[in-house]
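These notes concern the structure reproduced below.
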Amino acid sequence: MNSYQRVMNTLEGQPVDRLPVFAVLGAYGATLTGVDLRTLFSDAAAYVAGQQALQTEYGFDLVLSAFDYSVIAEAFGGEVAWAENQVPNVKRPAARTAAEALRLPLPDIQTTGRLPMILQVTRQLAASYKNQVPIICALPGPCILPSLLIGLEGWMETALFDVDLAQELLAYSGQFLVDWAKALLDAGADCLVVTEGMATAEIAPRGMFVKQFLPHLQEICDRIPGPKVISSTGGHINQILDVLTDLPGLVGVITGSKDDLAETRSLIGPDLTLVGNLDNLTLPGASADQVYDLSLACLRTAASAGPFILANSGADVPQSTPPANLKAMQAAAATVSAEIGCGL
Amino acid sequence: MDLKSWSDEMLEAMIAADRALAAEIVERALAAEVGPRRVIIDILDPAIVRLGLLWEQQTLSLAQNFVASKIAEDTLIRCLPDNSAGQHPKGPVVIGNIEDDFHSLGRRTVGLFLGAAGWDVHDLGNDVPAEQFLETALQINSCLIGASAMMQTTALNIRKLRELIDKHGLTNRIKLAVGGAVFNWRPELVAEVGGDGTARNAVEADALFLRLQAELQKGAMP
């Protein structure tokens, strides 16, 4: 059974030879190939080489197209902050206000900024790994997407104090997101991870999310074909999961690192795949034994209660994470796979 | 209606992220001849303190905290007499996001609460080099610097500011407060970057800065 079959079987609730393991490794590829992060996140060949090196060295059950949302901010006209030791970030958004953002032209997905580079990465990953290793692409959630255009503060201000304008901006940016998602699927993505920051308890209260954002999230998910996984990007998501399980095309949930996995399972029911929930910030400083124990705890809580994939819960795993810690995740999955009789 | 009831209503408005309702409460209190000073001291302040306790229990979101900071700002603008504008009895502070960090919302909210609490806030914005923090603090004679970071990678850049303060022999003259989401998730990072203290949220920033200021004054006593 290869990684693609293992993950697809998991998503379908079918037997697997061992429990699958994900790690969100983008920048980490540069530590193996020796390129700087600016090259990694602006040159398709360099990024794909990083994923190939990661696959050879660790063999996690996914390859990941670049998880870099500064690409989108830049395509709308924002400025990117490049750093030596972290994924590029948004230095200055394209617009100062929602009204200004609505006057921005929608980026041409095939030609603007680094958007074509991401599509090229996805195509090259598909050429190398289609039907062997799942090709995963991350998308900003439609409700947090406007923050890439006007900054989080500007988006909060609009969402909280000018609801009509907020809805206009959601509709405008939503069209881009649908087109972008379809382009990624056309390029070869097997599954889209929708990282919806607005759905986390840390960002918005449940009442606000349900009233102002859930209908938009449902609409956009309905317009995007293909299987989708919703992610909390590390924050608490359990408080809202009961209203997310019916999202069109939803096949899995990446729960927050501080969410209770058993509670998550009871909230999402027996069929959806649960993914998580190691803490990104723990991975660099912990020992391999500690990561092994933490992974065991996740696996023993969740693996026998329904389809489960062990993974970190946040964005990119820090480059300072020791290789032994990544291998400890896989060792723990092997241990629990044997315990619960995978492959028998 | 007693002052506690007004304050309870104000807290409810903050929790509901209802800025208009908060403004209405202030107007009703003023119309009921609650003096502007009492509105701040007995209605706004207790609500903010209790809001901080709720944040501690992790029952509040960034959106609610953001609206609460706006409510505090609105109330102060409405209730402070014109001639008190520009008065900052607690002294000057320097805040900013450390070099390479561009997550401004938390810092801006801290600035609003500190200003509301009577500090003279000098906000240097995003991506501020360590040298600029220190130069500004020395220029305006501030003994308090607040450095913000959201990510672990950028939080580590605060170490340079710590080293700079120590190198200039200012360890006992300038206190370094640190804050941002990553410090809530990994409290041990405060010591790792050389912070003298942190606050879990914007509401608690006033108490933190007062404590650090008091520590300096205590240390300066013969």
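General observations
- Across the stretch A:140-175, the number of residues qualifying as under 27 Å from A:Phe22 (Cβ atoms) and touching a residue at least 60 places away in the same chain (Cβ under 8 Å) comes to 6.
- Filter result for the condition that a residue is outside the structural domain of B:Leu62 (by TED's automatic domain parsing), under 18 Å from B:Gly52 (Cα atoms) and without any contact (Cβ under 8 Å) to a residue 40 or more places away in the chain, over B:Asn201, B:Asn184: B:Asn184
- Applying the set (1) away from every other protein chain (no Cβ under 13 Å); (2) within 23 Å of B:Leu60 (Cβ to Cβ); (3) of a type outside the set (Phe, Trp, Tyr) to B:Gly180 leaves exactly one unmet item: (1).
- Once the stretch B:84-104 is narrowed to residues that are within 14 Å of chain A (Cβ to nearest Cβ) and surrounded by fewer than 23 Cβ atoms within 10 Å (Cβ to Cβ), the residue that is modelled with the highest pLDDT is B:Glu99.
- Those strands (runs of 3 or more DSSP E) of the stretch A:202-294 in which 1 or more residues are within 14 Å of chain B (Cβ to nearest Cβ) occupy A:273-278.
- A single member of A:Leu184, A:Leu152 is buried (at least 20 other Cβ atoms within 10 Å of the Cβ) and away from every other protein chain (no Cβ under 12 Å), and it is A:Leu184.
- Residue in the stretch A:97-105 that is without any contact (Cβ under 8 Å) to a residue 12 or more places away in the chain, part of a loop (DSSP other than H, G, I, E, B) and either of a type in the set (Lys, Arg) or at positive phi (or both) present: yes
- The stretch A:10-40: number of residues that are more than 23 Å from A:Asn89 (Cβ to Cβ), in contact with an Asp or Glu (Cβ under 8 Å, 6 or more places away or on another chain) and surrounded by fewer than 18 Cβ atoms within 10 Å (Cβ to Cβ): 1
- A:Gly276 being closer than 26 Å to A:Pro140 by Cβ, small (Gly, Ala, Ser) and in contact with a Gly (Cβ under 7 Å, 6 or more places away or on another chain): no
- Positions within the stretch A:161-178 being within 14 Å of chain B (Cβ to nearest Cβ), part of a helix (DSSP H, G or I) and out of contact with any helix residue (DSSP H, G or I) (no Cβ under 6 Å at 6 or more places or on another chain), in sequence order: A:Phe161, A:Val163
- Elements of type helices (runs of 4 or more DSSP H) contained in the stretch B:132-205, each with 1 or more residues being modelled with pLDDT under 90: B:152-155, B:181-185
- Filter pass, A:Cys137 being part of a loop (DSSP other than H, G, I, E, B) and not aromatic (Phe, Trp, Tyr): no
- Annotation: of all residues in the stretch A:63-96 being within 14 Å of chain B (Cβ to nearest Cβ) and part of a helix (DSSP H, G or I), the one that is nearest to A:Met156 (Cα to Cα) is A:Ala73.
- Qualifying residue in the stretch A:295-302 (condition: more than 14 Å from every other protein chain (Cβ to nearest Cβ), assigned to a loop (DSSP other than H, G, I, E, B) and on the phi < 0 side of the Ramachandran plot): no
- Check on B:Ala117, more than 28 Å from A:Trp82 (Cβ to Cβ), of a type in the set (A, V, I, L, M), surrounded by fewer than 23 Cβ atoms within 10 Å (Cβ to Cβ) and facing another protein chain (nearest Cβ under 10 Å): no
- Filtering the stretch B:94-124 to residues that are part of a loop (DSSP other than H, G, I, E, B) and of a type outside the set (A, V, I, L, M) leaves B:Glu99, B:Asp100, B:Asp101, B:Phe102, B:His103, B:Ser104, B:Gly118.
- If you filter the stretch A:28-52 down to residues that are free of Cβ contacts under 8 Å to residues at least 24 places away in the same chain and not in a helix (DSSP H, G or I), you find that the one that is nearest to A:Met117 (Cα to Cα) is A:Val35.
- Each residue in the stretch A:308-324 was checked for being among the aliphatic types (A, V, I, L, M) and within 19 Å of A:Ala262 (Cβ to Cβ), and 3 of them qualify.
- Residues in the stretch B:184-213 that are within 14 Å of another protein chain (Cβ to nearest Cβ) and within 15 Å of the chain's Cα centre (by Cα): B:Arg200, B:Asn201, B:Ala202.
- Hits in the stretch B:60-83 - residues which are away from chain A (no Cβ under 14 Å) and either under 18 Å from B:Leu21 (Cβ atoms) or at pLDDT 85 or above (or both): B:Ala72, B:Thr75, B:Leu76, B:Ile77, B:Arg78, B:Cys79
- Here B:Ala155, B:Ala147 are screened, and the one residue that is surrounded by 24 or more Cβ atoms within 10 Å (Cβ to Cβ), at negative phi, more than 14 Å from every other protein chain (Cβ to nearest Cβ) and of a type in the set (A, V, I, L, M) is B:Ala147.
Here is a yes/no grid of residues against (1) away from every other protein chain (no Cβ under 14 Å); (2) at pLDDT 95 or above; (3) under 26 Å from A:Ser232 (Cβ atoms):
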| residue | (1), (2), (3) |
| --- | --- |
| A:Gly113 | yes, yes, no |
| A:Met117 | yes, yes, no |
| A:Asn131 | yes, yes, no |
| A:Gly141 | yes, yes, yes |
| A:Thr158 | no, no, yes |
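- Of the residues making up the stretch A:298-331, just one is farther than 20 Å from A:Leu267 by Cα, of a type in the set (A, V, I, L, M, F, W, C) and buried (at least 24 other Cβ atoms within 10 Å of the Cβ), namely A:Met329.
The values are calculated or read from the model by the stated rules, or taken from the named source; none is laboratory data. Worth saying up front: this structure is predicted, and the values here are computed from it rather than measured. Don't worry about glycine lacking a Cβ; one is built from the backbone with ideal geometry, like all the others, and counts go over all protein chains shown.
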